[in-house]
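K.L.:
After the structure tokens below, expect a handful of questions from me.
Read-outs throughout are calculated quantities, based only on the coordinates presented, and are distinct from any laboratory measurement. Not measured: the values here are computed from a predicted model. Counting neighbours? That spans all protein chains shown, and the Cβs are built from the backbone with ideal geometry, glycine included.
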Amino acid sequence: QVLIQRAKKRLENLEFFQTVNISTAPGSQPDQVVLVVDVVEKSTGEFSIGGGYTTGGESPGPTVEGSITERNFLGRGQYIRIGAGGGLNNNRTYSLSFTEPYFLGQRISAGFDLFKRQSGVNNKYETDLTGGTIRFGLPITETLTAGVAYNLSQEKYKIDSDAKIPGTDIPDPSQISQAFIDAAEHGSWIKSSVSWSLVYDTIDDRKNPHDGLYAKFNQEYAGVGGDANFLKTTFKGSYYKTLSQEMDIVGLVGVGAGHIEGFGDDLRVFDLFKNNQEMIRGFKYAGIGPRDTSVRDNDGSFLGGTTYFNASVETQFPLPIVPESLGIRGALFADAATLYGNELKNRDGKRYVSDDGMEWRASAGVSIMWASPFGPLRFDYAFPVKKVDGDQVQNFNFGMSSKF
């Protein structure tokens, strides 16, 4: 029965069927049975046009996106998606992804991703990223998967007019750190890297997890040609546990860490880690950690760090009165994080970075989560309980929520 239930779960996870039922019939021998799998297929293709609004990340504000997705292309289990979107501040995204789940008839997935992203960040600088990834995945056991990929991208950065001296085309060091100005003046950057990952996953239900562990270890080495030369290591883990089955209360503990080590030339400011809502809630994107205190406008002063650690605890529960069929749940959470380490220097070789020590920040708050027809949405209100002078606070956050 354990093996039968595991097979049923794997069939359901394919997302090809509305229902999966397995029954038995007498076999050809007394010690054998025939398994009868009864499935009801569902549409695996999707055309969608949608809009949204997010308060965090590099480009907050309204967005619109259209996409065509097929999860069972030509009936072979292949995944293909074409998408395009846009928003304020000249934000544009274009993407194409394809995955073959059984490459060369083996249990190896293979695929590629192509993308182009243009965005304005904090009205200080604009990014233009074009690139692609070739990736392979290998299931080692039922719960452990390895992945390897080659990544190639071209990066262009441009200082925004709001960060320039009025009436001129000269960047204003009082509005944006010299680190961003120097990196943007370099022109086009080429990043060529290889990456590998290990994923351990025992989550019972990815759409509504109640029990299980998800852990991912990832390393990326940039230096296979191109301009970048670093080793970036990250780890993320989430553990779910049902605290009360009758009241449907779920506990969550999450941890994360990352470190980037540069080789040869100094790391660029765009290579460093910046805080986001997954690291710690209650603070603005790129609003904590090492910064350039000579900049008057804080939006252009935070430079990022080489190392971070973060942890989170959360209790999720159904909301009183609200029908369970609506897919709305509440949560109480507490976050802690530190982002530190920065050796950036100006053109004279002098350091201009402050607040680069291992100072911890902490916050607590409440959330409302909605498994909407448009995807998982989340509303967070967080209040910092420990911060450093100069940190940028953002109590409310709203956006799409991806658990893994």
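K.L.:
How high is the relative contact order of region 202-404, in percent, with contacts defined as C-alpha pairs under 8 Å that are six or more residues apart?
P.N.:
Numbers: 502 pairs, mean separation 33.7, N = 203.
Result for region 202-404 is 17 percent.
K.L.:
Please give the Cα centre distance for region 354-368 versus region 291-323, rounded to the nearest Å.
P.N.:
6
K.L.:
Sticking with this structure for a sec: With Kirkwood's inverse mean 1/r over C-alpha pairs for Rh, give me the Rg to Rh ratio of region 1-42, two decimals please.
P.N.:
Working: Rg = 11.7 Å, Rh = 11.1 Å.
Reported Rg/Rh, Kirkwood definition of Rh: 1.05.
K.L.:
Would you please name the chymotrypsin sites (Phe, Trp or Tyr not before Pro) within region 259-316 that are DSSP coil residues with at most 13 other C-beta atoms within 10 Å of their C-beta?
P.N.:
Values: sites: PHE263, PHE270, PHE273, PHE283, TYR285, PHE302, TYR308, PHE309; in loops: PHE263, TYR285.
Those that pass, being in a loop and sparsely packed, are PHE263.
K.L.:
Next up: For ILE49, what charge total do you get from the other residues with a beta carbon under 15 Å from its beta carbon, if Lys and Arg give +1 and Asp and Glu give -1? Could the numbers behind the result be given before it?
P.N.:
Details: positive: ARG81; negative: GLU46, GLU65.
In short, -1.
K.L.:
Quick one: check the C-alpha center-to-center distance for region 263-278 versus region 5-38, whole angstrom.
P.N.:
Each part reduced to its Cα centre gives a spacing of 49 Å.
K.L.:
Now for a separate question. Which order do the peptides 20-30, 286-296, 222-232 come out in when sorted by mean C-beta neighbours inside 10 angstrom, highest first? Kindly include the intermediate steps, with their values, before the conclusion.
P.N.:
Working: 20-30: 10.3, 286-296: 22.7, 222-232: 18.3.
Packing proxy ranking, top to bottom: 286-296, 222-232, 20-30.
K.L.:
Whose amide H sits under 5 Å from the amide H of LEU319, counting only residues 5 or more places off or on another chain, with H placed in the peptide plane?
P.N.:
Close amide H contacts, sequence-distant or interchain: GLY330.
K.L.:
Mind ranking 203-212, 161-170 by how tightly packed they are, going by the mean number of other C-beta atoms within 10 angstrom, highest first?
P.N.:
On the way: 203-212: 15.0, 161-170: 11.8.
Going by the mean number of other Cβ atoms within 10 Å, highest first, we get 203-212, 161-170.
K.L.:
Can you find, among SER28, THR141, GLY86, the residue sitting farthest towards the positive end of the charge dipole of the chain, where Lys and Arg contribute +1 and Asp and Glu -1 at Cβ?
P.N.:
The Cα lying farthest towards the positive end belongs to SER28.
K.L.:
Let me ask you something else. Measuring from a point 7 Å past the Cα of LEU332 along Cα-to-C-beta, which residues in region 236-276 have an amide N at less than 19 Å?
P.N.:
Under cut-off, by backbone N: 240-254.
K.L.:
For semi-axes √(5λ) of the Cα gyration tensor in Å, several values are listed as (1) 69, 27, 18; (2) 53, 28, 18; (3) 41, 26, 21; flag the one computed from this structure.
P.N.:
Recomputing semi-axes √(5λ) of the Cα gyration tensor in Å here gives the entry labelled (3).
K.L.:
Additional query: For a label point 7 Å from the Cα of ARG92 along Cα→C-beta, name the residues of region 127-142 whose backbone N is under 15 Å from it.
P.N.:
Within reach of a label on ARG92, which here means backbone N under 15 Å from a point 7 Å along Cα→Cβ, region 127-142 contributes 127-131.
K.L.:
Each residue of region 258-264 in order: what ³J(HN,Hα) in whole Hz does its phi give by Karplus 6.51 cos²θ - 1.76 cosθ + 1.60, θ = phi - 60°, with x for Gly and Pro?
P.N.:
Listing the rounded values in order: x, 8, 10, 10, x, 10, x Hz.
K.L.:
Neighbouring Cβ atoms within 10 Å as the yardstick, rank VAL269, VAL313 fewest first. Working shown, then result.
P.N.:
Values: VAL269 24, VAL313 14.
Ascending Cβ contact count within 10 Å gives the list VAL313, VAL269.
K.L.:
Also, quick follow-up: Sketch the reach of a paramagnetic label on ASP205 as a point 7 Å from Cα along Cα-to-Cβ, and name the residues of region 1-32 whose backbone nitrogen lies under 20 Å away.
P.N.:
From region 1-32, the list is 2, 4-22.
K.L.:
Taking a ≥ b ≥ c as the square roots of the eigenvalues of the Cα gyration tensor of region 9-166, is the shape rounded (a/c under 1.5), prolate (a/b larger than b/c) or oblate?
P.N.:
Values: a/c = 3.48, a/b = 2.35, b/c = 1.48.
Prolate, since a/c reaches 1.5 and a/b exceeds b/c.
K.L.:
Near the amide H of ILE203, under 5 Å away, which other amide H atoms are found, from residues 5 or more places off or on another chain, if H is placed in the peptide plane?
P.N.:
Here LEU213 satisfy the definition.
K.L.:
Against the longest principal axis of the chain, how steep is helix 2-13, in degrees 0 to 90 to the nearest 10, with axes from Cα atoms?
P.N.:
Approximately 50 degrees, to the nearest 10.
K.L.:
Highest mean first, what order results for 141-154, 6-19 on Cβ atoms within 10 Å?
P.N.:
Working: 141-154: 14.8, 6-19: 12.9.
In decreasing order of mean packing, 141-154, 6-19 become 141-154, 6-19.
K.L.:
While we're looking at this one, here's another question. Tell me the net charge near SER95. Cut-off is 9 Å between Cβ atoms, SER95 excluded, with +1 for each Lys or Arg and -1 for each Asp or Glu. Numbers along the way, then the final one.
P.N.:
Details: positive: ARG81, LYS116, ARG117; negative: ASP113.
Once positives and negatives cancel, what remains is +2.
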